[in-house]
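Below is one structure; the comments refer to it alone.
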Amino acid sequence: MIKKKNSNSDREVKVLAQHICMSVFKARRVIDQIRGRSYEETLMILELMPYRASSPILKLVYSAAANASHNMGLNEADSFISKAEVNGGPFVKKLRPRARGRSYPIKRPTCHITIVLNLFREEKSQFSLDEFKI
């Protein structure tokens, strides 16, 4: 189940995916690589990563950009990933039959992935070399 939320701010789009059948640690390994990067750079990184966690995250980034362009009429080329986090979800619990009528529990972890796409990057102050000359 995927929930899409647009925040009250005009500059950001928030997308939340819940109950993704994946370990939190495996998803965080991918999320840490894209946090703070531009939209185009994020797409290139996620398409080339060999991890299974990159495909649902790629869908979320596409969805956030589509929401930004359709709902707000903004260009996704100017956007960047301002916030990306992965939180743990509930475990899917199953029973595996074993010998002599016993059962063995199987716990499949799930996670919730949140991505916030900011549409204008704040200008970082650039220091000129003339200020530091003696």
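The values are calculated or read from the model by the stated rules, or taken from the named source; none is laboratory data. On a predicted model such as this, the values are computed, not experimentally measured, just so you know. Neighbour counts run over all protein chains shown; Cβ positions are idealised from the backbone, glycine included. Keep in mind that these areas ignore ligands, DNA and RNA; they rest on the heavy atoms of the full protein, side chains included. Shrake-Rupley method; radii C 1.70, N 1.55, O 1.52, S 1.80 Å.
Things worth noting here:
- Looking across GLY36, GLY88, one residue alone is in contact with a Ser or Thr (Cβ under 9 Å, 6 or more places away or on another chain), closer than 19 Å to HIS19 by Cα and not basic (Lys, Arg). It is GLY88.
- Selection status of ILE134, modelled with pLDDT of 90 or more and either hydrophobic (A, V, I, L, M, F, W, C) or surrounded by 13 or more Cβ atoms within 10 Å (Cβ to Cβ) (or both): no
- Residue in region 122-131 that is basic (Lys, Arg) and at pLDDT 90 or above present: no
- LEU117 being open to solvent by 60 Å² or more (accessible area, probe 1.4 Å), among the hydrophobic types (A, V, I, L, M, F, W, C) and either without any contact (Cβ under 8 Å) to a residue 12 or more places away in the chain or assigned to a strand (DSSP E or B) (or both): no
- Looking only at region 31-63, and only at residues there that are over 10 Å from the mean Cα position of the chain (by Cα), assigned to a helix (DSSP H, G or I) and aliphatic (A, V, I, L, M), the one that is surrounded by the most Cβ atoms within 10 Å (Cβ to Cβ): LEU46
- Pair list, Cβ under 8 Å, 6 or more apart: region 74-93 residue over 16 Å from ILE34 (Cα atoms) and open to solvent by less than 70 Å² (accessible area, probe 1.4 Å), other residue modelled with pLDDT of 90 or more and of a type in the set (D, E, K, R): VAL92/LYS107; VAL92/ARG108
- Members of region 64-73 that are open to solvent by 20 Å² or more (accessible area, probe 1.4 Å) and either touching a residue at least 40 places away in the same chain (Cβ under 8 Å) or under 25 Å from THR110 (Cα atoms) (or both): ASN67, ASN71, MET72
- A single entry from MET1, MET72 fulfils the requirement of being closer than 24 Å to LEU119 by Cβ and modelled with pLDDT under 90: MET72.
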